[in-house]
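Below: one structure, written as structure tokens.
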Amino acid sequence: MLVPSGEAIAVAAPGALIDCDVHNAVPSVEALFPYLPRYWVEHVQQSVFKGAGSTYYPPNAPVTARPGSIPPDGPPGSSLVLLRDQVLDPLGVEVAILNCLYAIDSLRNPEAAVAFASAVNDWQIAEWLDREPRLRGSIVVPPQLPELAAREIDRVGDHPGFVQVLLPARSEHPYGSRLFRPLWEAIDRRKLVAGIHFGGAPGNPPFPSGWPSHYFEEYAGMAQVFQSQLASIVSEGVLDLFPTTRIALLESGFTWLPAFMWRFDKEWRNLRQLVPWVKRAPSAYIREHVRLTVQPLDSPPTTEELLTTIEELGSDDLLLFATDYPHRHRADPARDLLPYLPETLARKIRHENARALYGLTVVAG
């Protein structure tokens, strides 16, 4: 059971839908001025520094924006009006989890990273969470500075709108490293979910073999990055040290997981003497502590193959519904997955698994 102790789960209304990956984008650095210290406002105005310039999604990549999702005055995902019109209202979404991918991890100046992370979180509260009761937020932190990231989690972690801490999948060091101990302590202390999301701009290559030539390679190979983070978190004992930890893999896909768990378990049986603190098979830790969004939904040749892959996960509790708005994908989980599943499993993916993961008590009216 992945609900923080003392928090009840409400019974969901039929047809309830919880969207676990929706993106809100900062429209411009000027939008953060009301939430930045005066020093940084003046610095942006008087220098070439304009905040986080990196993006996990190139502007012209097909996956970056679905048709109609770009407002006239900002990038895809920067309009609450469009989010309501294109996702919340037509799908009847009960709750949507915001994941703001402002690339704090690309900022090398530690003072800038902290100031802009705080500004983004205050902007999320004022411009999104306070204006739309169906939204919950993810705390943006500087993951390259674990102690300062922990301080930011403690600063806003008690706000009822925040349910998650957002961590880019690509990182300077794997998240299981003891360097991140203050970060995990803060996430555990505030009873939040650790949301590990596609992307990242830490400055090191996305692959152990070096830099790819094309964005396509990076996008297609991101499953390997998620695998490396899972291997690190389990192997370094994070889930033993913090046994109530809850992790969501966001925009990771999931069809790679059964084969990865099989190999992870196999090698653990051979090499477990090297990590004696890992008391159980890695797949047992993953099934207990980790959840994954279904978007992007890989499209096997037949529906039967997809259902077989889901069965090989070994649990009905692992998958979460997500649209990944405003990003564009070939497959739509609402159309290409849920209608082909047994009703009990479809219901779990639509809302029950997310409700348990995030401790949500909101009930659709």
Amide H of residue 162 versus every other amide H placed in the peptide plane: which residues, excluding those fewer than 5 positions away on the same chain, fall under 5 Å? 137
Of 283, 227, 65, which is farthest on the positive side of the dipole of the chain, counting Cα position, with +1 on Lys and Arg Cβ, -1 on Asp and Glu Cβ, and the Cα centre as origin? 283
With the charge dipole of the stretch 225-314 built from beta-carbon charges (+1 for Lys and Arg, -1 for Asp and Glu) about the Cα centre, the Cα from 254, 268, 297 projecting farthest to the positive end belongs to 268
What does the convex hull of the Cα atoms of the chain come to per residue, in Å³, rounded to a whole number? 139
Amide H neighbours of residue 64 under 5 Å, counting only residues 5+ apart in sequence or on other chains, H built in-plane at 1.01 Å? 328
Arrange 175, 35, 215 by Cβ neighbour counts within 10 Å, fewest through most, would you? 215, 35, 175
Evaluate the charge dipole of the chain about its Cα centre and quote only its size in Debye, nearest 20, assuming +1 on the Cβ of each Lys and Arg and -1 on the Cβ of each Asp and Glu. 600
Can you give the helix-only mean residue ellipticity at 222 nm for the chain, where every DSSP H stretch with n ≥ 4 adds -39500 (n - 2.57) and the sum goes over all residues, rounded to the nearest 500 deg cm²/dmol? -9000 deg cm²/dmol
The exposure ranking of 209, 118, 232, 315, fewest beta-carbon neighbours within 10 Å first, is 209, 315, 232, 118
Positive end of the dipole of the chain, charges at C-beta (+1 Lys, Arg; -1 Asp, Glu), about the Cα centre: which of 198, 173, 114 has its Cα farthest in that direction? 173
Roughly what % of DSSP beta bridges within the stretch 18-358 run antiparallel, to the nearest 5? 5
Over what distance in Å are the Cα centres of the stretch 136-211 and the stretch 14-92 separated? 19
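Using Cβ contacts closer than 10 Å as the measure, can you line up 100, 20 from fewest to most?
Ascending Cβ contact count within 10 Å gives the list 100, 20.
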Cross-link candidates for residue 348: which lysines have Cα within less than 26 Å, leaving aside residues fewer than 8 places away along the same chain? 191
Excluding residues fewer than 8 positions from residue 266 in its own chain, the lysines with Cα under 19 Å of it are 279
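Coordinate-derived values only; no laboratory data. Predicted model only: the values in this text are computed from it and were never measured. Neighbour counts run over all protein chains shown; Cβ positions are idealised from the backbone, glycine included.
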